[in-house]
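Please read the structure below before turning to the comments.
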Amino acid sequence: MNHIYRNIPSLGERYRPYFRIGAAVNAKSLHTHRDLLVKHFHSVTAENEMKWEEIHPEDRRYEFAKADALVEFARNCGMYVRGHTLVWHNQTPASVFLDDLGQPAAASVIERRLEEHVATVLDRYKNDIGCWDVVNEAVVDNDTGFLRESRWLQALGDEYIAKAFRIAHQVAPGALLFYNDYNETKPDKSERIYKLVAGLLDQGVPIHGIGMQGHWMLDDPALGEIERAIDRYASLGVRLHITELDVSVYGNVHGTGGQSKAMLPYDDVLARRLAKRYGDLFSLLRDRADVIESVTFWGIADDDTWRDNFPVRGRKDWPLLFDVNHDAKLAFWSVVEF
Ligand code: HAH
């Protein structure tokens, strides 16, 4: 392990007056990235370990070991835990929606499974997990409707969303409950998210915040677009968490738009562009610290990032503040020096 990071300031300490700084972790990175985690972050989120397919792979079979280890790590280090995620269209076993014969299950069966899942997971961690992404990514991307045609919607209709929040609140009344989504700053999609959350609040559904994922790029979304979305969501009076922040160096990196499959060299020019972007982003986030309660990165350092495989499999990306050797990047300095 290198020695340089030991002498740098703590990101979390620097941001204590503004908002909590978090990181997504996995069963391995808790150990391999422990030094960075403990020094720079106030909270952890399970990258995958609390998703339905991992924690509840089959009917009546729960696999809590990895989630338990994460929660225990956080407890030992005095860190906050953001729970992620209870009801989603991805990483959920197909069997949730099927009966014993492999046919589509009755709505009442699916509803019971939803209730049982949310209640079981929330109950287990009610003293350890401060907030949950209860429902993830439920609205459509393009202007072709409102709610995503997921198996949840098909089986249970719009009500599945309110139901999930109600059960979560009943079982863990102290937990803060969030709706979480991506492309959350896009003008049309952010209106749908706004409408969904406003509707839930109107019905008295226990929802306390909006999670803005923040899977952003060097040139997109524009700062003004992010600012507009933050202000729009904040006008609902709910808490805002940036839940999955990373800045891909791809996307509009050459101003061409779209996704190139070619790998870029991570050179000084790119390092400076990323630093400028992170500096601008955190300056905006600090300006909005009155409404933003936490900012979580989707990973810790560039040696372990989902961006290496999304949206292009096997294309190395450099989206975080720490490099593949766990050293602070230029982007780190642009975030802590202001
Ligand atoms: C997020 N989705 C998920 O919330 C998170 O759980 C996952 O680990 C990574 C990103 C972003 C996303 C996606 O998975 C697929 C298409 C668009 C966006």
Tell me which residues, restricted to region 288-323, are within 13 Å of the ligand (Cβ to nearest atom) and not in a loop (DSSP other than H, G, I, E, B).
THR296, PHE297, TRP306, ARG307, ASP308, ASN309
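When residues of region 14-33 are filtered for being part of a loop (DSSP other than H, G, I, E, B) and within 16 Å of the ligand (Cβ to nearest atom), how many remain? Full working, then the answer.
Looking only at region 14-33, we keep the residues that are part of a loop (DSSP other than H, G, I, E, B), and these are 16-19, 26-28, 33.
Keeping just the survivors that are within 16 Å of the ligand (Cβ to nearest atom) gives 26-28.
Matching residues across region 14-33 total 3.
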Those residues of region 264-280 that are touching a residue at least 24 places away in the same chain (Cβ under 8 Å) and surrounded by fewer than 22 Cβ atoms within 10 Å (Cβ to Cβ) come to a total of 10
So HIS56 passes all but one of these: (1) out of contact with any strand residue (DSSP E or B) (no Cβ under 9 Å at 6 or more places or on another chain); (2) free of Cβ contacts under 8 Å to residues at least 60 places away in the same chain; (3) within 16 Å of the ligand (Cβ to nearest atom). Which condition number does it fail?
(2)
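Conditions tested, residue by residue: (1) farther than 20 Å from HIS117 by Cβ; (2) over 15 Å from the mean Cα position of the chain (by Cα); (3) touching a residue at least 12 places away in the same chain (Cβ under 8 Å).
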| position | (1), (2), (3) |
| --- | --- |
| ASN142 | yes, yes, yes |
| GLU149 | yes, yes, no |
| LYS163 | no, yes, yes |
| ARG166 | no, yes, yes |
| LEU177 | no, no, yes |
| LYS189 | yes, yes, yes |
| LYS195 | yes, yes, yes |
Out of the residues in region 1-44 meeting the condition of being more than 17 Å from MET79 (Cα to Cα) and among the hydrophobic types (A, V, I, L, M, F, W, C), tell me which one is modelled with the highest pLDDT.
ILE8
Are any residues in region 66-87 away from the ligand (no atom under 16 Å from the Cβ) and under 16 Å from the mean Cα position of the chain (by Cα), and if so, which ones?
TYR80
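Have a look at SER248, SER235 and point out the one that is in contact (Cβ under 8 Å) with a residue 24 or more places away in the chain, closer than 20 Å to LYS186 by Cβ and of a type in the set (Gly, Ala, Ser).
On inspection, the qualifying residue turns out to be SER248.
When region 34-84 is examined, which residues are found to be touching a Cys at 6+ places or on another chain (Cβ under 7 Å) and not in a helix (DSSP H, G or I)? Even if it seems obvious, please write down each step before you answer.
The initial filter retains those residues of region 34-84 that are touching a Cys at 6+ places or on another chain (Cβ under 7 Å), namely 38, 82-83.
Of everything in region 34-84, those that are touching a Cys at 6+ places or on another chain (Cβ under 7 Å) and not in a helix (DSSP H, G or I) turn out to be ARG82, GLY83.
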When both residues are 6+ apart or on different chains and their Cβ atoms are under 6 Å apart, which pairs have a first residue that lies in region 27-53 and is crowded, with 21+ Cβ neighbours inside 10 Å, and a second that is polar (S, T, N, Q) and part of a strand (DSSP E or B)?
THR45/THR296
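The values are calculated or read from the model by the stated rules, or taken from the named source; none is laboratory data. Computed from a prediction, not measured in an experiment: that's the story for all the values here. As a convention, Cβ positions derive from the backbone with ideal geometry for all residues, glycine included, and neighbour counts pool all protein chains shown.
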